[in-house]
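What follows is a set of notes on a single structure, which appears directly below.
A short reminder: the numbers here are calculations on the coordinates, not readings from a lab. Keep in mind the model is a prediction, meaning the values are calculated, not measured. No Cβ is skipped: glycine too gets one built from the backbone with ideal geometry, and neighbour counts run over all protein chains shown.
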Amino acid sequence: MTGPAIDLRIHHKPAGVSDTVAFGFVKALRFCADTFFAKRYGHRAVVLETVAAVPGMVGATLNHLKCLRRMESDKGWIKTLMDEAENERMHLMTFIEVAKPTLFERFVVVAAQWVFYLFFFGLYLVSSKTAHRVVGYFEEEAVISYTHYLAEIDEGRSENVAAPQIALDYWNLPANATLRDVVEVVRADEAHHRDVNHSFANELAGMPTGAIAPCPPHVVLEPNWKTAA
């Protein structure tokens with residue numbers, strides 16, 4: 001096993017209208033993804049990771065502006081959300097090497113990104129608690145999907161190809177790492193995001209935050225100007 005052990009049974013039971021709406025919305029998205037992609041998990045990952053990289057950036061932006069207006073500390077939320085957005089983007093870049101997206105899938109990516117960005121931006125303005133709960137449930141479904149992907153690989157229905165170089169570099173995987181190793185660390189990343197966002201939603205609701213699944217170690221990406229300096 002490459003990724004840290006995670007609890008696959010974790011599920012935040014909806015409590016109240018806000019949670020119920022968030023849970024129903026994510027389940028509707030899950031139905032659409034299952035219908036469109038079926039068991040093409042590599043292609044599913046390309047499209048869904050594009051969407052998954054949106055909430056962290058939206059949350060970081062709006063929290064940044066709120067802290068500027070109120071002249072208060074962000075309590076570490078901005079960096080956490082920015083790291084989440086970057087991590088999800090690296091998932092996307094990795095799976096692009098595994099499953100080359102078709103022209104139609106690239107169109108879906110562009111359309112889904114704009115629609116989801118505008119929706120999530122509006123939702124975060126109206127109720128940041130509901131927005132983080134949506135992400136928490138979204139990540140719960142991601143953990144389930146990657147668990148199914150691992151089963152597909154183990155049962156020989158998906159080829160366990162060599163891990164792409166970008167994954168070796170980002171997660172410091174051994175040179176002989178395979179797709180299965182990549183899916184494991186990605187699933188662990190998603191479990192971490194699941195717990196972080198449920199904890200954020202709990203904190204906003206005045207509830208106990210709960211435990212956070214460990215995040216697999218990975219390289220901290222630095223901007224090019226730091227290398228040149």
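Result for the chain in a Gaussian network model with C-alpha springs under 10 Å: among Met90, Met207, Met57, the largest mean-square fluctuation is at Met207.
Taking a 23 Å limit on the Cα-Cα distance, which of the listed pairs Lys13/Lys129; Lys75/Lys129; Lys13/Lys79; Lys79/Lys129 fall beyond it? Result: Lys13/Lys79 exceed 23 Å.
Here the residues Leu29, Leu48, Leu204, ranked from fewest to most Cβ neighbours within 10 Å of their Cβ, fall in the order Leu204, Leu29, Leu48. Spin-label pair Val220-Leu204: with each label point 7 Å from Cα along the Cα-Cβ axis, the two points sit 2.7 nm from one another.
Figure legend: label point modelled 7 angstrom from the Cα of Ala33 along Cα→Cβ; residues of the range 144-159 with amide N under 17 Å from it are 144-153. Each stretch of four or more DSSP H residues adds -39500 (n - 2.57); spread over every residue of the chain, this sum gives -24500 deg cm²/dmol at 222 nm. Each residue, Ile212 and His11, gets one label point 7 Å from its Cα in the Cβ direction; the gap between the two is 2.5 nm.
Within 10 Å of each residue's Cβ, count the other Cβ atoms and sort Val115, Val98 from fewest upward.
Fewest to most other Cβ atoms nearby, the residues stand as Val115, Val98.
Once both axes come from the Cα atoms, what is the angle between helix 41-70 and the longest principal axis of the chain, in degrees from 0 to 90, rounded to 10? Tilt of helix 41-70: around 30 degrees.
With neighbour counts taken as other beta-carbon atoms within 10 Å, the residues Tyr117, Tyr146 rank, fewest first, as Tyr117, Tyr146.
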